[in-house]
Each structure stands twice: as structure tokens, then as C-alpha cells.
Amino acid sequence: MTPLILAAVSLLLAVPGGGVPAPAPAPPHDLHIAYADLAVEGAVVAGRLRFFEDDLERAVGPLVGATAVELAPGPEADVLVMRYLSRGLRLVDGTGAVLDAELLTSGRDELDREPVWWVMVQYRAAAPVAELQVRNTLLFEVFGDQRNIMKFVSFPGERQKTFYFAPGEAEQTVRFAR
């Protein structure tokens, strides 16, 4: 073999795929996830929902005719976030009554050094809650790979149940032993 052919064969053998350069690694993909921790005691369901702040800002933007908004703590953000929450999270008790969320407080913090927006909410049923039909589509309209995790703790007894919501799996029935 000539030195030129030998060099070409060596190059082909050295490059994965027989001479086709390997594609550049994909950049890291943002995790699209939201969390909720809710306590159920008697006729009250209450707890905290957490969203990556930039994800929530993109989700609420269309409510005011924008691509995204910049949330700042205060009543304007609270009204906007609760309006969005009422469209994407629905709790129905065992009697078929839709429970309305009441905002208790809201704010910012961090999760793994990422800004997070949180809300503390409360739902009140007419009678002790033994079952909830939950529909959670929060952020699904923004991200096709959005995942929502909701943890329920029922009192007394501190029984825990965790549920996963994704596009195509947006509804769950949560039963609480009494």
C-alpha cells in the first residue's frame, strides 16, 4: 500500500462509524418538572406547589398576551399565577364538587441553584375528603416533556401517596383511607 492509502485507511479505522465523524454531543436538556406537596385533613387540602420560575413565567405570559412575563412578588403576580393554576390543576372531591384554590402566600426560593416560584394554597370541601379526582396539566402547553409530581399526605396517620402526571397521563384518582 502506498503511504497515502495507508494514511486514509488508518483514518477510517480511527473514526467511529467508518469515516463518518461522530455527532457533537447534545447540549444538556432542561428538566421540565413541577412539584406539589399537599396535606389532607378533614375537609381541607392544603400545601405548596413549586415551579421553575422561568417555566412558570413562560406559562403565564399568554394570559396577558405576552410570550413570557417577569414575575415579582406581589398581588399582580399572585392573581396571574392563581388564574393559571385554576386552568391547569383541578381537584374534584368524592361528591363531584370542584374545589377552588385559595392562595395563602407565595414567593421565590431555589432548587438546585435554580430560581423557583412557589405558592401555598388551600382547598376546602363541604365534607371530609375521602377521594379526589385530580387533573394536572400545568405547563403541558409549554413543554411536551413536562412532568408533574404530586405528593399527598393524609392526616391523621400521615399516610403518603405520590402521583406522576404527564401528557396523556394527566388524571389520577387519589383515595384516602378513613
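None of the figures in this text is laboratory data; all of them are computed from the coordinates on show. Nothing here was measured: the structure is a model prediction, and the numbers come from that model. Every residue, glycine among them, receives a Cβ derived from its backbone with ideal geometry; neighbour counts consider all protein chains shown.
Worth a mention:
- Take the Cα of Glu169, step 7 Å toward its Cβ, do the same at Val64, and the gap between the two points is 3.5 nm.
- The slack in the chain from Phe143 to Ala130, taken as 0.36 nm per residue of separation less the alpha-carbon distance, amounts to 1.4 nm.
- Long-range HN-HN contacts of Glu131 with modeled amide H, under 5 Å: Gly94, Phe176
- Mean-position separation - Cα centroids, segment 85-128 and segment 137-165, in angstrom: 11 Å
- 5 angstrom amide H check on Ser106, placed H, neighbours 5+ away: Met120
- The tail of the calculated P(r) for segment 29-178, taken as Cα-Cα distances beyond 24 Å, holds 30 percent of the pairs.
- The trypsin sites (Lys or Arg not before Pro) of segment 58-140 meeting both criteria, a DSSP state outside H, G, I, E and B (loop) and at most 13 other C-beta atoms within 10 angstrom of the site's C-beta, are Arg113.
- Note that segment 77-90 has calculated 3J(HN,Hα) couplings of 5, 4, 5, 5, 5, 5, 4, 5, 4, 5, 8, x, 9, 10 Hz, one per residue in order, obtained from phi through the Karplus relation 6.51 cos²θ - 1.76 cosθ + 1.60 (θ = phi - 60°); glycine and proline are x.
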